[in-house]
Amino acid sequence: MLGEYPIQGRGAAEIAASVERAVGAGELEPGRHLPPMRELAARLGVNPNTVAAAYRTLRERGVIETAGRRGSRVRAKPATTGREQLRVEVPAGVRDVAEGNPDPALLPRLADAFAAAAAHGDREPVLYGHDPVEPELARLTRAALDADGVPDGPVAVASGSLDVIERVLAAHLRPGDQVAVEDPGWGSVLDLVPALGLRTVPVGVDDEGPLPADVRRALRAGARAVIVTDRAQNPTGAALSATRARELRSVLADHPATLLIEDDHGHGIVDVPLRPLAGVTRHWAFVRSVAKAWGPDLRLAVFTGDAVTVDRVRGRQRLGPGWVSRLVQRAVVELWRGGAVDPLAVAASYGARREALVEALAARGVPAHGRSGMNVWVPVPDETSVVARLLHAGWAVAPGARFRLGSPPGVRVTVSALTPRDIVPLADAVADAVRPSPARSYG
């Protein structure tokens with residue numbers, strides 16, 4: 001079961017540390033089952049309760065997961081390592097449409113913005129005790145949120161959407177609490193939630209967003225928080241419609257104690273209107289990242305929320321990193337004020353590629369999803385075989401297992417690297433890959 005690696009230790013902390021070291025070193029691989037608690041206790045000569053405590057610590061740390069009678073196993077992406085075990089290795093000569101990155105040609109040049117920000121910093125240096133938020137960034141953010149109908153609230157800054165989501169969850173929840181998450185959904189969120197000691201409750205998604213009946217079921221079952229992607233949902237491209245938003249607000253109104261987190265990472269690359277849900281529950285946060293439209297390496301997201309939530313997040317932030325570099329914040333202001341990105345043109349570019357691929361697949365009898373953003377989700381009968389066959393055909397796609405809990409299999413195709421000439425050969429390759437292999441005859 002564990003190959004040659006021996007789990008060691010007499011106390012719960014020692015046993016947990018032994019497993020964690022092995023996972024971090026790659027000696028216990030993702031998906032590997034751990035021994036039943038009584039079996040390991042007998043092997044180590046300790047009380048089964050000691051092993052149970054060690055396994056509980058590992059679950060809370062996000063290292064292992066328990067699947068009922070199937071026992072405990074190392075998580076697909078354990079919190080002890082940054083390796084993405086479900087990443088497809090792209091051989092030389094194979095086109096990579098798996099990574100989820102924006103098109104570099106659509107990102108703005110940063111040199112002038114940072115030069116202007118540095119000059120501003122030379123004139124007015126930012127020192128300890130200064131406001132952690134660039135005033136002009138806060139003003140521009142609040143004006144944009146007002147225009148989109150996001151309720152009033154203080155503006156804060158963090159190092160990306162995931163940073164905000166983690167801090168907001170930690171500000172309100174405790175280990176063991178349940179969080180309703182989209183399924184399929186952003187793989188990083190699906191890994192973050194259990195790494196915080198929280199439990200994921202999957203909520204189905206269609207082209208218009210999370211299914212209201214699933215959200216209602218999750219909240220009635222005790223979920224204390226729900227995370228919703230407003231537009232450009234990863235991996236399906238879903239975007240909240242006006243009707244779906246009304247339905248979800250109605251569900252949330254029946255559960256006002258729910259913590260609502262909205263992720264609008266697609267801002268700047270989408271051509272569908274925002275339908276915010278915020279304001280229905282007592283505690284909420286709305287986050288907007290600059291990664292997709294202005295550059296992932298900026299590592300910046302703006303967010304707002306109810307006063308209690310934002311205050312808790314800022315308070316904890318002060319005890320850690322303190323603030324996000326005001327130099328970076330000022331550079332983002334320069335990019336926004338200078339019109340470095342034309343959101344309509346960017347959205348049109350991604351939209352043309354995405355729609356062309358969805359239409360080409362439909363013409364070949366392959367259903368696909370991609371209402372907004374830069375990804376197309378293709379349901380498939382078997383991910384492993386489809387990914388392998390596409391690799392053989394010269395295309396690397398992302399296996400759906402990176403984004404799923406209990407939803408049916410699929411693969412994700414990122415369109416940002418595609419040109420018009422790529423659409424037909426890629427659609428042909430996907431259609432060939434999802435069809436059953438021809439039956440062999442033996443004579």
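None of the figures in this text is laboratory data; all of them are computed from the coordinates on show. The structure presented is a predicted model; accordingly, all values stated were derived computationally and were not measured. Here the Cβ positions follow ideal geometry from the backbone for every residue, glycine too, while neighbour counts run over all protein chains shown.
Rounded, prolate or oblate: pick one for the chain, where a ≥ b ≥ c are the square roots of the eigenvalues of its C-alpha gyration tensor, a/c under 1.5 means rounded, and failing that, prolate if a/b is larger than b/c, else oblate.
Oblate shape, in that a/c is at least 1.5 and b/c is the bigger or equal ratio.
Where in the chain are the DSSP H helices whose C-alpha atoms run 24 Å or more along the long axis and whose mean Kyte hydropathy is at least -1.0?
343-363
So between Arg32 and Ala431, what do we pick up on full extension, going 0.36 nm a residue minus the alpha carbon distance?
140.3 nm
Return the Rg/Rh value of the stretch 153-296, two decimal places, where both radii are evaluated on C-alpha atoms and Rh is the Kirkwood radius.
With Rh from the inverse mean 1/r over Cα pairs, Rg/Rh is 0.92.
What's the longest uninterrupted piece of the chain once you rule out the chymotrypsin sites (Phe, Trp or Tyr not before Pro) that are loop residues per DSSP with at most 14 other Cβ within 10 Å?
129-441
How high is the relative contact order of the stretch 111-337, in percent, with contacts defined as C-alpha pairs under 8 Å that are six or more residues apart?
27 percent
By counting other Cβ atoms within 10 Å of each Cβ, how are Met374, Met37 ranked from fewest to most?
Taking fewest neighbouring Cβ atoms as first place, the list is Met37, Met374.
With a ≥ b ≥ c the root eigenvalues of the C-alpha gyration tensor of the stretch 237-349, is it rounded (a/c under 1.5), prolate (a/b larger than b/c) or oblate?
oblate
Of Pro154, Ser18, Leu137, which is farthest towards the positive pole of the chain's charge dipole, taken about the Cα centre with +1 and -1 on the beta-carbons of Lys, Arg and Asp, Glu respectively?
Highest projection toward the positive end goes to Ser18.
Calculate one ³J(HN,Hα) per residue across the stretch 202-211 by plugging θ = phi - 60° into the Karplus curve 6.51 cos²θ - 1.76 cosθ + 1.60, and present them in order as whole Hz with x for glycine and proline.
x, 10, x, 9, 10, 5, 9, x, x, 7
Please report the antiparallel percentage of DSSP beta bridges with both residues in the chain, rounded to the nearest 5.
Of those bridges, close to 55 percent are antiparallel.
For a quick check: with amide H placed at 1.01 Å from N, whose amide H comes under 5 Å from Val201's, ignoring anything fewer than 5 positions away on the same chain?
Here Val179, Ala180, Val181 satisfy the definition.
From the phi of every residue in the stretch 286-293, what ³J(HN,Hα) in whole Hz does the Karplus formula 6.51 cos²θ - 1.76 cosθ + 1.60 yield, where θ is phi - 60° and glycine or proline is x?
These are the phi-based 3J(HN,Hα) values: 10, 10, 9, 8, 9, 4, 6, 9 Hz.
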